[in-house]
Amino acid sequence: MTAMLARPLAPRRLADDRAAERATAQRRLMIMMLLYCAAVVLVIGKLTFYAVFANPASATTLLARGARGDIVDRNGAPLARTIDAWAIGVHPEQILGDKREVAQRLAGILGVDEGKIYGQLTAKNFAYLERNASATLVTDVNAIGEPGIVFEREAQRLYPQAELAAPVLGFLDMAGHGASGMERAREKQLTNPTATGRPIALSVDVRVQSALENELGQAVTGFKAKGGAGVVLDVRTGEIMALASFPTFNPNNPGAAPAPQLDAKGKQLPGPFYNRVTTAAYELGSTFKPITMAAAIDSGTVTSMARRFDATQPLQIDGFKIHDHDGQNRWLDIPETLIHSSNIATARIADEMGGDKLARMFRLMGFDQPMPFELPARGRTLFPQKFSRVTTMTSAFGHGIAVTPLHLAAAYAALVNGGVWHPATLIKVADPTAVPGRRVISQATSDRMRQLLRLVVTEGTGRAVDVPGYRVGGKTGTAEVASGGGYSKHTNVSTFAAAFPMDAPRYVVIVMLDSPVAAVTTAAYTSAPVVSRFITRAGPLLGVMPDASRDIDVSELLPLIWHRPGEQTQAKVDPE
């Protein structure tokens with residue numbers, strides 16, 4: 001009876017066992033699916049964490065280094081532009097292989113120190129191995145197959161002209177912001193999304209810039225000068241056609257610029273990022289004499305070019321003695337005072353004019369304040385607080401007052417353009433008729449100054465700049481360098497200030513050499529030849545063609561000059 005009742009239960013147990021097995025299998029499958037989903041969620045979460053939180057500075061950098069407007073020269077030639085590049089970074093905690101071996105392979109590919117890379121691989125935080133990497137470099141690094149090495153697209157700032165116009169353009173810092181030059185001055189405009197499609201057109205001409213840098217650089221190297229500065233200015237608009245400062249740097253790799261050198265006394269000299277045209281204030285010596293003469297003529301102190309002043313011997317005043325470098329030891333009229341660059345005669349003219357009138361002219365020329373200008377690096381001038389009698393006499397020939405070469409360029413433009421001072425600018429002027437300016441001398445005084453500056457070149461210390469056909473006028477300036485409370489007898493700042501063509505002035509050229517080393521270091525032998533070679537090269541580029549049949553009329557002044565080439569000395573009676 002018991003056996004008969006047990007038989008029907010066997011199939012039921014089998015069914016129950018199978019149901020239990022299916023339930024177990026389903027539970028196991030569910031657990032596996034949950035584990036798989038958890039793993040997927042974990043991986044996605046970790047990737048999201050690294051992308052968003054692991055290196056917030058990286059995201060900021062990429063945004064900052066994003067779209068940035070181009071900078072071009074006045075003719076549209078690219079000076080600074082943004083291109084696509086790669087950044088190679090590493091998450092140290094995600095490195096799977098041997099870090100020493102990975103560092104060795106990376107060092108071979110990137111060409112950097114293995115120890116430095118190993119330090120980045122063993123650190124705790126994300127680090128960039130290479131910025132602005134090429135596609136080829138990315139391919140080579142990716143072949144290592146290390147998941148901890150990541151690649152990001154980023155924008156690279158490229159300066160296709162390399163060092164050309166570096167002091168004008170400046171460069172970007174590691175965060176992608178403008179660190180100097182126009183990159184810094186126009187940061188908002190360059191990063192404005194509504195404006196980045198339109199490039200910023202500068203006033204400079206890359207062809208003229210190249211000629212200026214080439215000639216100035218050769219002179220700085222040849223004369224072993226501490227530095228040099230050059231600027232070319234449109235006298236009608238104040239536009240800077242070229243601006244050069246040496247030593248210089250490559251904005252594509254500013255970190256590779258050489259460190260500032262030390263002088264013989266261990267003092268650090270200005271380095272490659274120091275803009276000598278706009279930042280450095282110099283005593284520019286005799287280049288101030290034409291400005292003093294213009295003030296004397298315009299104020300009525302000098303009414304006749306035949307008026308003479310005593311330069312027979314050094315001028316003694318309040319314990320100081322004023323000498324002439326190449327004294328004529330006689331009375332000098334107005335053309336001769338500039339032609340022979342007489343400190344003595346110029347000082348007497350300034351003394352008669354008075355400090356108030358001379359100071360007024362210097363202020364009208366903007367010498368008492370930094371140049372209103374786009375670049376953030378604008379140097380202060382050294383302007384006398386009081387124009388005593390001694391200060392009036394010495395500042396008349398450029399001692400005791402210091403300005404930047406850019407100040408001097410703007411002043412010379414006003415001397416020859418009809419008497420209107422314009423602020424210098426690095427932005428291309430759209431409408432030359434709407435340029436701001438202020439009258440500093442009369443048209444008649446400006447016309448006279450053009451004659452006198454032309455005579456300095458044809459008859460005086462500026463003969464080295466008499467480029468055939470270009471009708472150049474200008475003035476030499478050789479000033480002793482201030483040192484230790486006095487002046488060095490062996491170190492000069494040599495400057496030549498030129499304008500051309502003098503019958504219809506278009507451009508001013510300033511070239512300055514700081515402490516040239518040579519047997520003769522006066523401006524006539526150092527900076528003047530640089531101006532001559534530059535005008536020969538750049539004149540046609542600036543639209544000024546040589547024409548030997550034209551010149552400014554100086555016939556009324558020629559009879560006033562002694563020792564004209566090919567003529568005998570003529571005796572003159574002092575009109576006073």
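What the table below lists for this structure:
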{"read-out": "Accessible-area composition of the range 65-219, carbon plus sulfur, in percent [1.4 Å probe]", "value": "48 percent"}
{"read-out": "Rg ratio (alpha-carbon, reference 2.2 N^0.38 Å) - the range 163-252", "value": "1.21"}
{"read-out": "Angle in degrees between helix 206-222 and the longest Cα principal axis of the chain, rounded to the nearest 10", "value": "70 degrees"}
{"read-out": "Folded to 0 to 90 degrees: helix 9-52 orientation relative to the chain principal axis, Cα", "value": "10 degrees"}
{"read-out": "Added length on full extension, which subtracts the Cα-Cα distance from 0.36 nm per residue, GLN104 to THR303", "value": "63.5 nm"}
{"read-out": "For the range 303-402: relative contact order, % (alpha-carbon pairs under 8 angstrom, 6 or more apart)", "value": "24 percent"}
{"read-out": "Ranked by how many other beta carbons lie within 10 Å on average, peptides 225-236, 379-390, 540-551 from highest", "value": "225-236, 379-390, 540-551"}
{"read-out": "Separation between Cα centres of the range 361-376 and the range 313-331, rounded to whole Å", "value": "31 Å"}
{"read-out": "Per-residue SASA entry for PHE151, accessible area with 1.4 Å probe, Å² rounded to 10", "value": "60 Å²"}
{"read-out": "Dipole of the chain, positive end: most advanced residue of ALA498, ALA127, SER549 [Cβ charges, Cα centre]", "value": "ALA127"}
{"read-out": "Cα-centre dipole for the range 264-409 with unit charges at Cβ (Lys and Arg positive, Asp and Glu negative), debye to 20", "value": "420 debye"}
{"read-out": "Global geometry of the range 202-258, whether rounded, prolate or oblate, following the gyration tensor of its Cα atoms and the 1.5 cut on a/c", "value": "oblate"}
{"read-out": "Counted charge near VAL493, where neighbours are those whose Cβ lies closer than 12 Å (Asp, Glu -1; Lys, Arg +1)", "value": "-1"}
{"read-out": "Heavy-atom accessible surface of the range 329-386: percent carbon and sulfur, 1.4 Å", "value": "42 percent"}
{"read-out": "Neighbour cut-off at most 10 other Cβ (10 Å), DSSP loop, chymotrypsin sites (Phe, Trp or Tyr not before Pro), the range 340-379", "value": "none"}
{"read-out": "Helix-only CD estimate at 222 nm, as mean residue ellipticity for the chain, using -39500 (n - 2.57) per DSSP H run (n ≥ 4)", "value": "-10500 deg cm²/dmol"}
{"read-out": "With Cα atoms, 0 to 90° folded angle of helix 355-364 axis to the chain main axis", "value": "40 degrees"}
{"read-out": "The chain - Rg (one decimal) and Dmax (whole number), Cα, Å", "value": "36.0, 167"}
{"read-out": "Magnitude of the charge dipole, the chain, Cβ model with Lys/Arg +1 and Asp/Glu -1, debye to 20", "value": "1880 debye"}
{"read-out": "Solvent-accessible surface (1.4 angstrom probe) belonging to THR536, in square angstrom, nearest 10", "value": "80 Å²"}
{"read-out": "Rule-of-thumb Rg ratio for the range 340-461 [Cα; 2.2 N^0.38 Å; N residues]", "value": "1.13"}
{"read-out": "Solvent exposure, largest accessible area first (probe 1.4 Å, DNA, RNA and ligands not counted), of LYS357, LYS124", "value": "LYS124, LYS357"}
{"read-out": "Cα centre as origin, Lys/Arg/Asp/Glu Cβ charges: the range 115-169 dipole, Debye", "value": "160 debye"}
{"read-out": "For the range 126-140 and the range 493-529, distance of Cα centres in Å", "value": "47 Å"}
{"read-out": "Cα gyration tensor, the range 400-504 - rounded (a/c under 1.5), prolate or oblate", "value": "oblate"}
{"read-out": "Charge sum, other residues only, whose C-beta stays under 13 Å from LEU110's C-beta, Lys/Arg counted +1 and Asp/Glu -1", "value": "-1"}
{"read-out": "Share antiparallel - DSSP beta bridges, the chain, percent rounded to 5", "value": "95 percent"}
{"read-out": "Rounded if a/c under 1.5, otherwise prolate or oblate - the range 180-319, Cα gyration tensor axes", "value": "oblate"}
{"read-out": "Ordering of 94-102, 205-213 by burial proxy (mean other Cβ atoms within 10 Å per residue, highest first)", "value": "205-213, 94-102"}
{"read-out": "Selected from THR237, PRO270, VAL520, residue furthest toward positive end of dipole (the chain; charges at beta carbon)", "value": "PRO270"}
{"read-out": "Relative contact order %, the range 383-483, counting alpha carbon pairs below 8 Å whose residues are six or more apart", "value": "19 percent"}
{"read-out": "Listed pairs LYS224/LYS475; LYS224/LYS289; LYS188/LYS226 exceeding 26 Å between Cα atoms", "value": "LYS224/LYS289; LYS188/LYS226"}
{"read-out": "Neighbourhood net charge (9 Å Cβ-Cβ; Lys/Arg +1, Asp/Glu -1) for ARG550", "value": "-2"}
{"read-out": "Among 126-132, 165-171, 278-284, the order from most to least packed when residues are scored by Cβ within 10 Å on average", "value": "165-171, 278-284, 126-132"}
{"read-out": "Accessible area of the chain divided out per residue, in Å², using a probe of 1.4 angstrom", "value": "47 Å²"}
{"read-out": "Full-extension gain in nm, ASP326 to ASP547, via 0.36 nm per residue minus C-alpha separation", "value": "76.3 nm"}
{"read-out": "Part-to-part distance (alpha-carbon centres) for the range 203-244 and the range 424-440, which is given in Å", "value": "20 Å"}
{"read-out": "Relative contact order for the chain, counting Cα pairs under 8 Å that sit 6 or more residues apart, in percent", "value": "13 percent"}
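The values are calculated or read from the model by the stated rules, or taken from the named source; none is laboratory data. Please read these numbers as outputs of a predicted model, since none were measured by experiment. Please note: Cβ atoms are built from the backbone with ideal geometry, for glycine as well, and neighbour counts cover all protein chains shown. Side chains are part of the model used for accessible areas, which takes the heavy atoms of the whole protein and leaves out ligands, DNA and RNA. Shrake-Rupley method; radii C 1.70, N 1.55, O 1.52, S 1.80 Å.
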